[in-house]
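Read the structure below first, then the notes.
Bear in mind these aren't lab numbers, they're just calculated from the coordinates by the rules spelled out. These figures come from a predicted structure and were not determined experimentally. When we count neighbours, we look across all protein chains shown, and the Cβ atoms used for this are built from the backbone with ideal geometry, even at glycine.
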């Protein structure tokens, strides 16, 4: 079927189900364009809470839909493809976290939003890349067990000066952005500013003109007087940046999230039509995870 057919079907079903569609900035352009809201993890988490809808269809990965389900127990949350997972989130296990808590009994546990609901339930506070520094600074403890991204943990340590014990996990999308790739792009585009995500390695962050979350990169790209940018994050953000700044040029480092790209228009239409796949979280996990997420939401 043609693209236009799926878009029309989605529009009809969206009204019929009283649904809103949320899309992460790493989604493809056609998914972003049919969404009611496009944003990063923090912004989308806040949008779910404010949503006046019966159904939340999340175009993202599984942990994002879980977060929406935790924060919105009275709404139906749909994920168009249950195989849309996050390999970073899968790197943290509850049993291993329990062992680390015993090893560092005085440490506060900060669970990155890129984690399972079960990990969030074992965390003292959650954070996103946009507010990780603020969340850590809001805690009384100087020693922080940061789960699961080691690169974001390193960035937080640099910005806060606290004792950050880092879980040995990483996002392959950002870990795979190598210095050689960046150097080649800088040679091709010598006037371009380099902005990178804090999930990138320390060596890449060290040569960046700006390090920030996807939402912060959108602000930087819009406010900067520069007309060219090398974008050190997942390729989907290029669409968002270019749409918001048609007079500027944005160069991709060519890195793709397999989980994010599982979603397409056909699956979105099928999800709304068949009300699949419903995402829920066990009550015993939901209550504890919600407390950690609420601490995340109050930090800007």
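Annotations
- Averaging the sequence gap over all C-alpha pairs within less than 8 Å and six or more residues apart, then dividing by the number of residues, gives the chain a relative contact order of 24 percent.
- For region 5-148, the antiparallel share of DSSP beta bridges with both residues in that region comes to about 0%.
- Counting 0.36 nm for each residue step from residue 225 to residue 179 and taking away their Cα separation leaves a gain of 14.0 nm.
- When the chain is treated as a GNM with alpha-carbon contacts under 10 Å, the residue of 181, 254, 67 showing the greatest mean-square fluctuation is 181.
- The chain: calculated mean residue ellipticity at 222 nm from DSSP helix runs of at least 4, using -39500 (n - 2.57): -13000 deg cm²/dmol
- Distance between the modelled labels on residue 54 and residue 287, one decimal in nanometres: 2.9 nm (7 Å Cα→Cβ projection).
- Linear extension gain, residue 2 paired with residue 90, 0.36 nm per residue minus alpha-carbon span: 28.2 nm
- Footprinting exposure proxy for 260, 64 (fewest neighbouring C-beta atoms within 10 Å first): 260, 64
- Here's the picture: a label point sits 7 Å out from the Cα of residue 256 along the beta-carbon direction, and within region 153-184 the residues with their amide nitrogen under 17 Å of it are 172-177.
- Fraction of antiparallel bridges per DSSP, the chain only, in percent to nearest 5: 5 percent
- Note on region 177-252: antiparallel DSSP beta bridges, both residues inside, total approximately 0 percent of the bridges counted.
- Candidates 73, 198, 148: whichever shows maximal mean-square fluctuation once the chain is modelled as a Gaussian network with Cα springs under 10 Å: 73
- Most mobile listed residue (256, 226, 86) in the chain, GNM with C-alpha springs under 10 Å: 226
- Alpha carbon centroid spacing (whole Å) that separates region 21-65 from region 145-195: 25 Å
- Region 91-113 and region 120-135 have Cα centres spaced 13 Å apart.
- Estimated FRET transfer efficiency when R0 is 25 angstrom, pair residue 266-residue 242 (beta carbons, to 0.05): 0.50
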